[in-house]
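First the structure, in the form of structure tokens, and then the observations on it.
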Amino acid sequence: MAEAATYYSGPLQLISIDDDGKCHLQENAVTILNQIQGRLAVVGIAGLYRTGKSFLLNRLLGLQEGFEIGPTVNPCTKGLWIWGQPVQLAPDYHCILIDTEGLGSTQRTASCDMQIFSLCVLLSSYFIYNSMGTIDAQALDDLHLVLHLAKHIHVKARRGGSVEGERAADLSQYIPSFLWVLRDFHLRLVDSSGAAISEREYLEGALRPQPGQDEKNKLREVVKDLFRDRDCVTVVRPVTDEADLRNIQRLPYESLRPQFRTQVEAFVKKVYMSLKPKKIDGSLVSGTMFVNLVSEYCKAINNSAVPTIQSAWTSVVQHQLRLCLKDAVQVYRSQMNEKAMQHLPMPEDRLRDLHKAAKAEALKVFLAPKFESSDAKFREYRAELASRIKQLLDHVKAENATTSQRQCERFAQEIYSRQIENKLNVKGSYQNFEQLLQDWEQVRKVYLQQTGGPAQQEVMASWIFPRMTESAQRLWDELRTSNEDRQAALQRKLQEAEALSTNARDVLDNERSKQSDTLEVAKRQWLAERIDLERQLEDAKRSLEEVGMRASREKAQLVDSERTLREQMKILQERLASSAAERRAGSKSESAAASSTSADIAGLRDAVAAMMSELKGVGMEKSQLEMKAEHEKQLIGLERKFQKQLMDARRKNEGLIESLRQTYEDEVDGLKTYRSELIGRNKDLERELERAHGEAEVLKQRLAAAENERALQRRFVENAQRQSELVSAFLERVPGKGGNDLQPVREELAALTGHTLRPDGGGGSYDRRGAGASMPYSAANAAVFRSLPGV
């Protein structure tokens, strides 16, 4: 950020003119002017001494006391003076006021007056000529210096000092706007017919040729040709008292005549409304350029030469271009030092963006004076700026490449050692290539995040890819060895498992054989017992059926006997009833009947007793048959219990056999599964090995591509070197060139190519020798950069 300008609120001498007519530029004024940035307007005033020029400038400053105003006939202002505080018209637009020593003084010669008048006209962008009274013959005589402007000021340098052919019209484009101020003007502004006219019309009328005034008419034509943009202001006498007039600077401004104040205020407004920035050949003049312009004019005058505008301007432009070039290069250097060199390494895109931004800032500084782009010197210095910026950029690129190379190699080695090599040194850290590739992917991401610069990809191709291939090979060897060891261990386990399976199969076969024999014996016993029990059961069933049939028959007999007895009982009862009736009928026959009845009853009783005994015997047989049937039921229950136990034993044996068979099958299935897993692992390992081979091939292809790219770059560098050598050889053969003329070019080419170029005989040739052949490109470039003047 630019420092705030420090000005001086007071008059400062710009140019002092000694008694010998030598002009001297004053340092205090130079210091003030060099601080003015942007556009610059210059208001200069000239006129006869003691005519109030300084008062008008004070009013332009809005002051009553500023530039010195004296009451005597001696001029107060010596040489050319400026006000130390420029008038700011806009943020980048300032105006400076130049007060000049009064013309026509007895203390100065006519040559000195011409110098003062010429300098005021040359330096101003708005020129005020101050005179007293009206525009009459005397006023025109006082303006005779205008006639000599074409003799004392040239547009272009001429051989032999000839000025013939130089016309005022040629000079007019460099002449400022002209304002003629008429002081103590007392006439009415009317034409010959009495109609009111403006001040400009009054001036134009006064400059019309008059008959019989050839000399004056010539002066009038010169004024019109030189000052194409011209105007006029009239001002009445400020006070009526002569004593007050001599001390006007001490009087309050409000005490002056109202008409005078109004006219002065109109004058101030007209000046500021008409101001334009000072330009030469279409280019704006800054404060520094204005100082250089003043210096060039003073040098020409001091050397008794005619000030030449274009020569002076060319010198000013060259000096300003040199300053702009220096400032622009400094801006570019500081921008790149601050934003690039302090943050190396960085990606080339970022460096390119910073270069573009710094170059834009440098161009902004270089183009600030707004020179004509078609100017040859401007194009030359702009090309020089581009060349120096390129040299600085090449130096930054070389430093960026070197820093990037060191950083990338160091970081790549650190992260490889930390993330990959330490694990590779511990056997078993990587189980497969997927884990290695994941770590490499993490290494790649961290590497790309933490590093930058042009060497990033190169180090990846030349350092990381070979380590990637090496690590893949090391892991391949480790996995292959581990796989072979595992295969051998699995083979041993498989053999042991097969041996165990064979033993288990033999034991199971023996157990099954023993169980089969036991089951066969038990089965035969069970079948024999079953047959015996079935036979007993059949006999018991037959006996039971026979007993049942006999019991049924006896039961039927008993039923029949019972029915017979019942019938007999009924008959007996009937007989007894009839006997009782008959007893009642006759008593005589009672005793005989009773005896026969008793005999019948006794016989019936015996028969009943016999039947009862027979029934008892049948009951006993029935009880025996029931007991036998119960015995048969118990036998059947025992048989069922035995069958149940036999079935339980059979199921138990079958479960045992099934358990042994299932155990055997499980063992066999487990061995088969284990064997399948072993086969699957072998296949996975084979696939991983194949994939590792594929990845290794891809890495080898990438490495080969990187090597090809590096080879292309080397060939490109060799071609560039060869082209530079051919250019040097061609330049050596150019007629009228060679030797010391081409020594700077040869040295720069030698620095850029890393070879020492020297002429060989009459033609151009080269040899590669000396320290330059071993100097790296970045160091040679930096050496060229440091050897350039002004960089």
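The values are calculated or read from the model by the stated rules, or taken from the named source; none is laboratory data. Quick caveat, the model's predicted, so the values are computed rather than measured. Please note: Cβ atoms are built from the backbone with ideal geometry, for glycine as well, and neighbour counts cover all protein chains shown. Note: accessible area is taken over every heavy atom of the protein model, side chains too, but ligands, DNA and RNA are not part of it. Shrake-Rupley method; radii C 1.70, N 1.55, O 1.52, S 1.80 Å.
Structure summary
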read-out: Matching residues, the stretch 106-148, being farther than 29 Å from Val285 by Cβ and in contact with a Phe, Trp or Tyr (Cβ under 8 Å, 6 or more places away or on another chain); value: Gly133, Thr134, Ile135
read-out: Search result, residues across the stretch 81-120 that are over 21 Å from Asp19 (Cβ atoms) and of a type in the set (Val, Ile, Thr); value: Ile82, Val87, Ile96, Ile98
read-out: Given (1) without any contact (Cβ under 8 Å) to a residue 24 or more places away in the chain; (2) in contact with a Ser or Thr (Cβ under 9 Å, 6 or more places away or on another chain); (3) open to solvent by 70 Å² or more (accessible area, probe 1.4 Å), number of the condition Glu201 does not satisfy; value: (2)
read-out: Unique match (being closer than 24 Å to Gln138 by Cα and out of contact with any helix residue (DSSP H, G or I) (no Cβ under 6 Å at 6 or more places or on another chain)) among Glu215, Glu265; value: Glu215
read-out: Output for the stretch 323-343, where each listed residue is in contact (Cβ under 8 Å) with a residue 40 or more places away in the chain and either of a type outside the set (Lys, Arg) or surrounded by 18 or more Cβ atoms within 10 Å (Cβ to Cβ) (or both); value: Cys324, Leu325, Ala328, Val329, Tyr332, Arg333, Met336, Ala340, Met341
read-out: Subset of the stretch 88-104 that is open to solvent by 10 Å² or more (accessible area, probe 1.4 Å) and not in a strand (DSSP E or B) - its residue that is farthest from Ala41 (Cα to Cα); value: Gly104
read-out: Test: residue in the stretch 212-231 that is among the aromatic types (Phe, Trp, Tyr), at pLDDT 85 or above and within 18 Å of Val146 (Cα to Cα); value: yes
read-out: Residues within the stretch 474-492 that are more than 15 Å from Arg691 (Cα to Cα), loosely packed, with under 14 Cβ neighbours inside 10 Å and among the charged types (D, E, K, R), tallied; value: 3
read-out: Elements of type helices (runs of 4 or more DSSP H) in the stretch 168-239, at least 2 residues being small (Gly, Ala, Ser); value: 168-172, 199-206
read-out: Criterion: more than 60 Å from the chain's Cα centre (by Cα) and part of a strand (DSSP E or B) - qualifying residue of Ser16, Ser54; value: Ser16
read-out: Unique residue being of a type outside the set (S, T, N, Q) and within 22 Å of His343 (Cα to Cα) when the list is Leu436, Leu393, Leu424, Leu385; value: Leu393
read-out: Filter pass, Leu385 being open to solvent by less than 40 Å² (accessible area, probe 1.4 Å), out of contact with any strand residue (DSSP E or B) (no Cβ under 8 Å at 6 or more places or on another chain) and in a helix (DSSP H, G or I); value: yes
read-out: Index of the failed condition, Glu688 passing every other in (1) charged (D, E, K, R); (2) in contact with a helix residue (DSSP H, G or I) (Cβ under 6 Å, 6 or more places away or on another chain); (3) open to solvent by 100 Å² or more (accessible area, probe 1.4 Å); value: (3)
read-out: Hits in the stretch 444-463 (condition: open to solvent by less than 20 Å² (accessible area, probe 1.4 Å) and either more than 16 Å from the chain's Cα centre (by Cα) or at pLDDT 85 or above (or both)); value: Tyr447, Ala455, Val459, Met460, Ala461
read-out: Whichever residue in the stretch 415-429 is at negative phi and among the small types (Gly, Ala, Ser) and, among such residues, is surrounded by the most Cβ atoms within 10 Å (Cβ to Cβ); value: Ser429
read-out: Gln107 of a type outside the set (Gly, Ala, Ser) and touching a Gly at 6+ places or on another chain (Cβ under 7 Å); value: no
read-out: Yes/no for Gln449 being free of Cβ contacts under 8 Å to residues at least 12 places away in the same chain, of a type outside the set (Val, Ile, Thr) and under 19 Å from Gln405 (Cβ atoms); value: yes
read-out: Test set (1) at pLDDT below 85; (2) under 22 Å from Ser124 (Cα atoms); (3) out of contact with any Asp or Glu (no Cβ under 7 Å at 6 or more places or on another chain) - Ser162 fails condition number; value: (2)
read-out: Qualifying residue in the stretch 360-370 (condition: in contact (Cβ under 8 Å) with a residue 60 or more places away in the chain, in contact with a Ser or Thr (Cβ under 7 Å, 6 or more places away or on another chain) and surrounded by fewer than 17 Cβ atoms within 10 Å (Cβ to Cβ)); value: yes
read-out: Any hit, the stretch 464-473, residues being assigned to a helix (DSSP H, G or I), open to solvent by less than 20 Å² (accessible area, probe 1.4 Å) and more than 20 Å from Glu697 (Cα to Cα); value: no
read-out: Test: Arg512 is modelled with pLDDT of 85 or more and basic (Lys, Arg); value: no
read-out: Listing of helices (runs of 4 or more DSSP H) fully contained in the stretch 287-368 that carry 1 or more residues being of a type in the set (Phe, Trp, Tyr) and more than 19 Å from Ala386 (Cα to Cα); value: 287-302, 309-339
read-out: Breaking point among (1) touching a helix residue (DSSP H, G or I) at 6+ places or on another chain (Cβ under 9 Å); (2) loosely packed, with under 14 Cβ neighbours inside 10 Å; (3) modelled with pLDDT of 75 or more; (4) not β-branched (Val, Ile, Thr), for Ala594; value: (3)
